[in-house]
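What follows is calculated from the coordinates using simple rules that are stated; it is not laboratory data. Predicted, not measured: the structure shown is a model, and the values here were computed from it. Note: ideal-geometry Cβ built from the backbone for every residue, glycine included; neighbour counts use all protein chains shown.
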Amino acid sequence: GEDVEQSLFLSVREGDSSVINCTYTDSSSTYLYWYKQEPGAGLQLLTYIFSNMDMKQDQRLTVLLNKKDKHLSLRIADTQTGDSAIYFCAESMGSQGNLIFGKGTKLSVKP
Amino acid sequence: GAVVSQHPSRVICKSGTSVKIECRSLDFQATTMFWYRQFPKQSLMLMATSNEGSKATYEQGVEKDKFLINHASLTLSTLTVTSAHPEDSSFYICSALGAQTSQGPQHFGDGTRLSIL
C-alpha cells in the first residue's frame, strides 16, 4: 500500500542548514508536498514539486526529488528559531488528489 | 494566495452534543474538499473526500452517520459530528482543492480542536 516515511526528529543550531528527508512508495504521484505545522495550528503549504522536476528552490527552501529512489528532501538554509515546527511530507494519490502524509518531522532549532 | 477559512477554531461541549465545523475557500472555487483528523503527535488521517453537489466518499472505518459532510457550494463544506462523545475529541482539519486542477496543492484551514467532556 501507499506509505510515506520520514524521520521523527531533527535538531539543529540557529544559522545552520536543516535537511528533512522523506521516502514515498507510489511512483505515479504527480505532486509531492511539504507542509509546516506549528503547535495547535493547521497546515501551511511550504512548497511542492511536480514529479517531472528534480529540484525546486524558493528563497531559503530547496526541494530535491530523486524519482528513481522515491526520495524527497527539504533543505532550509539559515535555519531560524521561527522554523521550529513539525514538517510533513505528502504525496498526492488518485484522481481526486487526496494526500498521503508522513508522520511528520519535528524540527527543533537551538539558539 | 489561496485561503481556506475553518470555523470554529475550538469547541468544548458536553457529551451528546452535535457540533458543526465549517470550511470555506475564500478566494477560489473548491470542487473538492477533504476532511482530516489528527490525534496528538500523530499524522493526519483522511476521513472523507467531499465533492460539491454529490455525496462524500468516506474512508474505511469512518462512520458516515457519525460524521455528516455537506458540500453544498463551491466554497463551503461542513462537517457535523453528531452526538459527540469523548472519543471524538480530536483536531479536525479541512483542505480544499481548486477547480482548476485535481492534482494541485491542497490548502488547509487552521483546524478545529474539539473537546468533548
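Averaging sequence separations of C-alpha pairs under 8 Å and six or more residues apart, then dividing by the length of chain B, give the relative contact order as a whole percent. Please list the in-between numbers first.
Values: 295 pairs, mean separation 43.3, N = 117.
RCO, chain B: 37 percent.
Please work through chain B and write down the cysteines that have no neighbouring cysteine Cβ at a distance under 4.7 Å.
Those would be B:Cys13, since no other cysteine Cβ in chain B comes under 4.7 Å of theirs.
Given charges of +1 on the Cβ of Lys and Arg and -1 on the Cβ of Asp and Glu, with all other atoms neutral, how large is the dipole of the protein assembly as shown about its Cα centre, in debye to the nearest 20? Don't jump to the answer; show the numbers that get you there.
Details: 21 positive and 22 negative charges, 67 e Å.
Using only the charged Cβ atoms, the result is roughly 320 debye.
If you find the alpha carbon centre of the stretch B:7-31 and of the stretch B:46-69, how far apart are they in angstrom?
15 Å
Just want the ordering: B:Leu68, A:Leu107, from fewest to most Cβ atoms lying within 10 Å of their own Cβ. Mind showing how you got there, number by number?
Numbers: B:Leu68 16, A:Leu107 20.
Neighbour counts put them in this order, fewest first: B:Leu68, A:Leu107.
Checking the cross-link filter: which aspartates and glutamates have an alpha carbon closer than 18 Å to that of B:Lys14, excluding same-chain neighbours under 8 positions apart?
Excluding near neighbours in sequence, the set is B:Glu87, B:Asp88.
Quote the charge dipole size of chain B about the Cα centre in Debye, to the nearest 20; the model charges only the Cβ of Lys and Arg (+1) and of Asp and Glu (-1). Could the numbers behind the result be given before it?
Values: 10 positive and 9 negative charges, 46 e Å.
For chain B, the charge dipole is close to 220 debye.
Once label points are set 7 Å from the Cα along Cα→Cβ at both A:Arg75 and A:Gln59, what is their separation, rounded to one decimal in nm?
1.9 nm
I need the calculated FRET efficiency for the pair B:Thr80 and B:Val3, taking r as the beta carbon distance and R₀ as 22 Å, to the nearest 0.05.
0.45
Computed FRET efficiency, Cβ-Cβ of B:Cys13 and B:Lys41, R0 22 Å: what is it to the nearest 0.05? Before the final figure, lay out each step's value.
Values: r = 24 Å, r/R0 = 1.08.
According to the calculation, E is roughly 0.40.
If you take every DSSP beta bridge fully contained in chain A, what fraction is antiparallel? Give it as a percent rounded to 5. Please list the in-between numbers first.
Numbers: 39 of 44 bridges.
Percentage antiparallel, nearest 5: 90.
Once the dipole of chain A is set up with Lys and Arg at +1 and Asp and Glu at -1 on Cβ about the Cα centre, which of A:Cys89, A:Val19, A:Pro39 lies farthest towards its positive end?
A:Val19
Could you tell me the distance between the Cα centroids of the stretch A:79-111 and the stretch A:3-60, to the nearest Å?
After rounding, the separation between the Cα centres reads 5 Å.
Give the cross-link partners of B:Lys20 among the lysines, using a straight C-alpha distance below 28 Å as the criterion and excluding same-chain residues fewer than 8 apart.
Leaving aside lysines fewer than 8 places away in the same chain, those within reach of B:Lys20 are A:Lys36, A:Lys103, B:Lys41, B:Lys55, B:Lys64, B:Lys66.
Quote the relative contact order of chain A in percent (integer), defining contacts as alpha-carbon pairs under 8 Å separated by 6+ residues.
Details: 274 pairs, mean separation 41.4, N = 111.
Value for chain A: 37 percent.
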